[in-house]
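**Q** Following this message is one structure expressed as structure tokens.
Values quoted throughout were computed directly from the atomic coordinates according to the rules given, and no laboratory measurement underlies them. What you see is a predicted model; the values in this text were computed from it and never measured. Positions of Cβ are generated from backbone atoms using ideal geometry, with glycine treated the same way; all protein chains shown enter the neighbour counts.
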Amino acid sequence: DIQMTQSPASLSASLGETVSIECLASEGISNSLAWYQQKPGKSPQLLIYGASSLQDGVPSRFSGSGSGTQYSLKISGMQPEDEGVYYCQQGYKYPPTFGGGTKLELK
Amino acid sequence: QVQLKESGPGLVQPSQTLSLTCTVSGFSLTSYSVHWVRQHSGKSLEWMGRMWSDGDTSYNSAFTSRLSISRDTSKSQVFLKMNSLQTEDTGTYYCARNMYTTDYFDYWGQGVMVTVSS
């Protein structure tokens, strides 16, 4: 199975700060990567797919980039509603696998 | 609008079988695949299996032969059955819709918490 490693495991950001979360795949995944946000007690919500395409309804302050084995999610201007846990997921090979998550808090 | 909703028992005894139902609305099971994804408390997500739009199934080998996914298209329902449950199977079980022809999940149910305990 493809292993997905996220960093950092947790971080705190100030209001308006730009935040980056990294995701490293154990092998190349050809941009077949999604990012999800999960708030406490809620189900995950798709933010980014295909490494850089924004899902409908997701604020434009979220963006994704990367290639090969390295990908990142950027939040340009932290907002209170962005608190939660973020997961990356590869859709390149079966089984689909997720990263361990990054907990983002407002400082 | 697209909705998925899981239902099933909250408590299952060890060695018993878990049966969950995912009832969908706003789309057809003959047009979209539906996945089952598990989350241990405070942990990451684990893909379990998929019911394809053509009725075929795919499973995570981590569940070997314990897992079975089926559907009733007339009722817009997808079923998960997993036997030989252990305490490690405690967690929240989600069903999620597959996005187009990709392997991403664009709509999720609210999840059902399952505790395996005697």
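**Q** Averaging sequence separations of C-alpha pairs under 8 Å and six or more residues apart, then dividing by the length of chain A, give the relative contact order as a whole percent.
**A** Contact order relative to length: 39 percent.
**Q** Starting from the 7 Å offset along Cα-to-Cβ, what nm value, one decimal, do you get for the label separation of B:THR102 and A:THR18?
**A** 2.4 nm
**Q** Once you keep just the Cα pairs under 8 angstrom separated by 6 or more residues, what percentage relative contact order results for the range A:5-63? Intermediate results must be reported in sequence, preceding the final value.
**A** Values: 57 pairs, mean separation 12.7, N = 59.
Relative contact order here is 21 percent.
**Q** Ok, one more. Kindly state, as a whole number, the per residue volume in cubic angstrom of the convex hull around the alpha carbon atoms of chain A.
**A** Looking at chain A, the number lands at 87 Å³ per residue.
**Q** Next up: Restricting to Cα pairs below 8 Å that are 6+ residues apart, what does the relative contact order work out to for chain B? Please round to a whole percent.
**A** 35 percent
**Q** What's the percent breakdown of Cα-Cα distances in the range B:22-117 across 5 Å bins, shortest bin first?
**A** Final binned percentages: 3, 13, 26, 26, 19, 10, 4, 0.
**Q** While we're here: For B:LYS75, list the lysines whose Cα falls under 19 Å from its own Cα; do not include residues on the same chain fewer than 8 positions away.
**A** Correct list for B:LYS75: B:LYS5.
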